[in-house]
Every structure is written in structure tokens, then in C-alpha cells.
Amino acid sequence: SNNDIKKVIKVVVIDDDEILYDLSSVKAIAGTNTDFVKQNSDIFIKQVQDIMQNLKDSFHENDFERVRNLAHGIKPSIDNMGIKSLHTEIRELEVIEWDMSSKAELGKRIEHIERILNKVCDQLNEL
């Protein structure tokens, strides 16, 4: 219901030193292959850039169904990269029935997700 949307999103204060990802599951798969971790991070960074652009385009075009599909598509990557601060947010983006009456709230959430993901990408680039 639209009452769910009225919940105020938790604004996560990002401490500059806080690492916003956890690569332990990636490293578990990689074993001693350190290249795999770097490749996985590079793929994630590229995927984030593509999906965030598509998310923003879909938002501006009022294509709320596509917003939900894109959120669904990136959810496994966010989980694999251990980005716990977006665990709930990405699922809400996926399941809430967004419409014109909730567009402003959706816009805030997309900005919030983008801010966190940009920070994660910056941190991954330093690996």
C-alpha cells in the first residue's frame, strides 16, 4: 500500500573512513585468486554505472515498472558485494508499487542509493 511509502528513509551518515562493502563472500569463491576479486570489483563498478543511468532515465520517464526490474537486477550484486546499508533499500525499490503520487519519494531513494554506490565504487577503485 502507499502508506508503506510514507516511511521516512533512514539517512545513512557516511563516515569517510567507513568501508561500505564486505568482500568476504567474493573472496571465499576466489580462494587464492586475487585477480578474481579485482575483476569482480571492476565488473560491479561498470554494472553500477550502467544500472544507475538506466534507473535515473526510467525514473524521469515515469517508467516505474522498469525501475522495479532494474532494482531486482542489481540486488544480487549488492548482496554479493556485502553492501549491507542498501540491503533493505534495494528491496523496497523492487517491491513497492511506485506511481506519480510517490515519485518524489522514489527520487530521494534513487539519489540515496546512487550516493552509497558511488562511494562503494570509489572505495573499490582503491583496492
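The values are calculated or read from the model by the stated rules, or taken from the named source; none is laboratory data. These figures come from a predicted structure and were not determined experimentally. Cβ atoms come from the backbone with ideal geometry, glycine included; neighbour counts cover every protein chain shown. Accessible surface areas use protein heavy atoms only, side chains included; no ligands, DNA or RNA. Shrake-Rupley method; radii C 1.70, N 1.55, O 1.52, S 1.80 Å.
In table form, for the structure just shown:
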{"quantity": "log10 of Debye I(q)/I(0), alpha-carbon scatterers only, for segment 22-127 at 0.24 Å⁻¹", "calculated": "-1.31"}
{"quantity": "Karplus-derived HN-Hα couplings along segment 102-113 (A = 6.51, B = -1.76, C = 1.60, θ = phi - 60°), whole Hz, x at Gly and Pro", "calculated": "10, 4, 4, 5, 4, x, 5, 5, 4, 4, 4, 4"}
{"quantity": "Accessible-area value, residue 101, 1.4 Å probe, nucleic acids and ligands omitted, Å²", "calculated": "80 Å²"}
{"quantity": "Gain on full stretching of the segment that runs from residue 50 to residue 17 - 0.36 nm per residue minus C-alpha separation", "calculated": "9.3 nm"}
{"quantity": "Å² per residue, accessible surface of the chain at 1.4 Å", "calculated": "58 Å²"}
{"quantity": "Karplus 3J(HN,Hα) series, Hz, for segment 122-127 with 6.51 cos²θ - 1.76 cosθ + 1.60 (x for Gly, Pro)", "calculated": "4, 5, 5, 5, 8, 4"}
{"quantity": "Under 14 Å from the residue 100 label point (7 Å along Cα→beta-carbon), backbone N, segment 47-64", "calculated": "61-64"}
{"quantity": "Probe 1.4 Å - accessible area at residue 50, Å² to nearest ten", "calculated": "70 Å²"}
{"quantity": "Residue-span extension gain [residue 127 to residue 108] - 0.36 nm each, minus C-alpha spacing", "calculated": "3.9 nm"}
{"quantity": "GNM result for the chain, Cα springs below 10 Å: residue of 33, 62, 54 fluctuating most strongly", "calculated": "33"}
{"quantity": "Nearest-10 value in Å² for the accessible area of residue 66, using the 1.4 Å probe", "calculated": "90 Å²"}
{"quantity": "Other-chain or far-sequence residues with amide H under 5 Å of residue 22's (modelled H)", "calculated": "82, 83"}
